[in-house]
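The structure under discussion appears below in the form of structure tokens.
The values are calculated or read from the model by the stated rules, or taken from the named source; none is laboratory data. Keep in mind it's a predicted model, so treat the numbers as computed, not measured. Please note: Cβ atoms are built from the backbone with ideal geometry, for glycine as well, and neighbour counts cover all protein chains shown. For the accessible areas, the whole protein counts, side chains as well, though only heavy atoms, and no ligand, DNA or RNA atoms are used. Shrake-Rupley method; radii C 1.70, N 1.55, O 1.52, S 1.80 Å.
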Amino acid sequence: MAATKSKAVYNVYRALSHGLSPLLYLHLHWRKLRGLEHPLRWPERLGRSSLPRPPGPLLWFHAVSLGEGIAAIPVIKQCIQRRPDLTILMTTTTSSAFEVIEKRLPTGVIHQFAPVDTPSAMDSFLGHWKPNAIVIMESELWPNLIMGASEKGITLALLNARVSTKSFKRWSGPLLLPLVSLMLSKFSLIVPLSNMQAIHFQLLHAPPFVINFSGDLKYVVEEFDISEGEIRSIEDLKVHLAHRKVWMASSIHKGEEEVILGIHKVLMQQYPDVLTIIVPRHPQHGKEIAQQLWKEGHGVALRSRHDKLVGDTNLYVVDTLGELKLLYRLTPVAVIGGSFFPTLSGHNISEAAAAGCAVLTGPYVGHFSRMVLEMQRLNPLSVLQVSGKIELEDALKKLFSDAKILEAHRTAAKQVYHSLSTGIVGKVWSLLDFQILQRALS
């Protein structure tokens with residue numbers, strides 16, 4: 001009875017997604033005109049692959065956006081090292097993810113934009129690439145993808161698996177639970193972020209025997225090649241910042257700049273040489289911030305223009321993608337944005353910790369709450385979680401006023417990061433090899 005209902009709900013979804021295909025095509029075309037899809041490769045989103053499939057076994061990794069894509073790269077590198085006979089296909093959805101990830105992917109990895117979840121696009125994509133196994137990152141549960149792969153005998157894995165509180169409530173309801181449980185039954189491996197996430201997946205009827213633990217892949221910060229120009233740029237900035245008080249607000253969302261700039265004005269009164277680095281989540285937001293600050297007469301340098309930190313410049317706005325890891329090397333203090341308004345849900349703090357920054361974040365961190373708690377459990381100094389603007393202001397003053405306190409926080413963050421990140425990729429590889437690759441390639 002349950003299986004019949006699940007299949008019926010899927011058939012309804014498949015029919016609806018097929019009927020909406022013309023509208024999705026128009027939507028993608030509109031996104032292309034707005035610069036939100038790749039101008040030349042956007043047909044890949046309709047399942048029209050732009051490259052031939054190489055011979056031999058193929059493993060498909062799918063990540064929707066930048067954070068998930070970066071988390072997948074260490075596993076991809078491990079797969080290439082352990083199984084050089086495999087072709088790796090990587091798909092992402094967003095153009096911003098593509099711009100950064102393409103530069104970091106190992107040589108030989110094929111990148112394509114992920115197809116929308118319509119029957120024709122997904123059938124075309126699967127028919128062209130014929131993957132032996134699919135590794136999905138985090139929570140990308142798309143019915144036509146999963147059911148189409150299952151019908152073709154393709155083995156499925158879900159890494160860094162998580163369900164937001166909002167999604168869990170929605171998926172647990174009588175309408176969607178039959179479809180979600182049907183999809184989860186098709187996975188041979190689910191690696192959840194935490195015990196609580198494992199419980200969520202079991203309540204959504206994931207088979208208990210496919211659930212295994214490895215640790216959070218977002219702790220793993222990979223080294224990647226950087227150009228001589230990038231190295232010179234960072235070294236030049238280091239020289240200019242050597243004798244100044246510096247802090248950085250990274251991954252900030254619209255509205256959060258008001259919090260950051262308010263604190264900047266207060267710090268300027270006590271430390272006239274302070275430099276505040278602002279790295280918005282979206283580059284266009286950075287340009288908008290800089291334009292507004294220029295109108296108000298502030299000394300602002302904009303990274304995309306290669307502005308120098310001269311004279312009365314006390315604000316450095318970064319409107320580029322993919323440089324956070326390098327920029328964390330410039331600052332002793334990193335405030336992780338996307339965490340100061342209730343509608344937001346935090347960002348990854350591990351890159352800042354790996355660079356040895358004193359790490360601060362706001363109260364709204366979503367599923368990163370587990371990362372914050374794990375780090376604080378090992379050393380409370382590793383991450384400071386503040387309740388809002390006033391606490392953040394007080395914390396920054398304290399860090400800037402006492403070099404020993406600042407150094408203690410920086411050391412704690414780096415040590416805890418190394419403790420939590422060790423061995424994760426090896427554990428993931430062992431699970432993938434045993435439960436996915438040996439089954440898919442036998």
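Quick one: of the DSSP bridges fully inside the chain, what percent are antiparallel, nearest 5?
Antiparallel bridges make up about 0 percent of those DSSP assigns within the chain.
Enter the Cα centre distance for the pair the range 6-43 and the range 341-409, rounded to the nearest angstrom.
Centre-to-centre (Cα) distance: 39 Å.
Mind putting a number on the dipole of the chain about its Cα centre? Charges go on the C-beta only, +1 for Lys and Arg and -1 for Asp and Glu, and I need it in Debye to the nearest 20.
940 debye
So what's the chain giving for Cα Rg divided by 2.2 N^0.38 Å, two decimals?
So the Cα radius of gyration is 1.03 times the expected 2.2 N^0.38 Å.
Given bins 5 angstrom wide, list per bin the percent of all Cα-Cα distances in the range 1-213, short to long.
1, 7, 15, 18, 21, 18, 12, 7, 2, 0
Return the calculated 222 nm mean residue ellipticity for the chain, to the nearest 500 deg cm²/dmol, obtained by summing -39500 (n - 2.57) across DSSP H runs with n ≥ 4 and dividing by the residue count. Show your work: numbers first, answer last.
Numbers: 18 runs with 204 residues, N = 442.
The per-residue figure over the chain is -14000 deg cm²/dmol.
How large is the charge dipole for the range 1-213, taken about the Cα centre, if only the Cβ atoms of Lys, Arg (+1) and Asp, Glu (-1) carry charge, to the nearest 20 debye? Don't skip to the answer; put the middle values down first.
Details: 22 positive and 11 negative charges, 28 e Å.
I would put it at about 140 debye.
Rounded to the nearest 10 Å², what accessible area does Asp216 show when all protein chains are kept and the probe is 1.4 Å?
Approximately 10 Å² of Asp216 is accessible to the 1.4 Å probe.
Could you derive backbone 3J(HN,Hα) for the range 241-253 from the dihedral phi with the Karplus parameters 6.51, -1.76 and 1.60 (θ = phi - 60°), listing whole Hz in sequence and x where the residue is Gly or Pro?
9, 3, 10, 10, 6, 10, 9, 10, 10, 10, 6, 7, 9
Let's see if you can work this out: charge +1 on each Lys and Arg Cβ, -1 on each Asp and Glu Cβ, no other charges. What is the dipole magnitude of the range 228-321 about its Cα centre, in debye to the nearest 20? Show your work: numbers first, answer last.
Values: 12 positive and 13 negative charges, 9 e Å.
Rounded to the nearest 20 debye, it is 40 debye.
Taking the full set of protein chains and a 1.4 angstrom probe, give the accessible area of Glu288 in square angstrom, rounded to the nearest 10.
About 80 Å², ignoring ligands and nucleic acids.
Quick query: amide H of Ile136 versus all other amide H atoms, modeled in the peptide plane; which residues come in under 5 Å with a sequence gap of 5 or more or a different chain?
His62, Ala157, Leu158, Leu159
Mind jotting down the distance between the C-alpha centroids of the range 126-162 and the range 174-197, whole Å?
One Cα centre to the other: 13 Å.
Under the Karplus relation 6.51 cos²θ - 1.76 cosθ + 1.60, θ = phi - 60°, what is the ordered set of whole-Hz ³J(HN,Hα) values for the range 160-172, x standing for Gly and Pro?
6, 5, 8, 10, 5, 4, 5, 5, 4, 4, 5, 5, 7
Return the sequence-ordered ³J(HN,Hα) values of the range 350-367 in whole Hz as given by the Karplus equation 6.51 cos²θ - 1.76 cosθ + 1.60 applied to θ = phi - 60°, using x for Gly and Pro.
Karplus-based 3J(HN,Hα) across the range 350-367 equals 5, 5, 5, 5, 4, 7, x, 7, 6, 9, 10, 8, x, x, 9, 10, x, 6 Hz.
Hey, what does the equivalent ellipsoid look like for the range 30-120, semi-axes from the Cα gyration tensor as sqrt of 5 times each eigenvalue, largest first, whole Å?
On the way: eigenvalues 107, 48, 22 Å².
Each semi-axis is √(5λ); the values are 23, 15, 10 Å.
Please list, in chain and number order, the residues 5+ apart from Val333 or on another chain whose amide H is under 5 Å from its amide H, with Hs placed from the backbone.
Amide H neighbours of Val333, under 5 Å, 5+ apart: Met248, Ala358.
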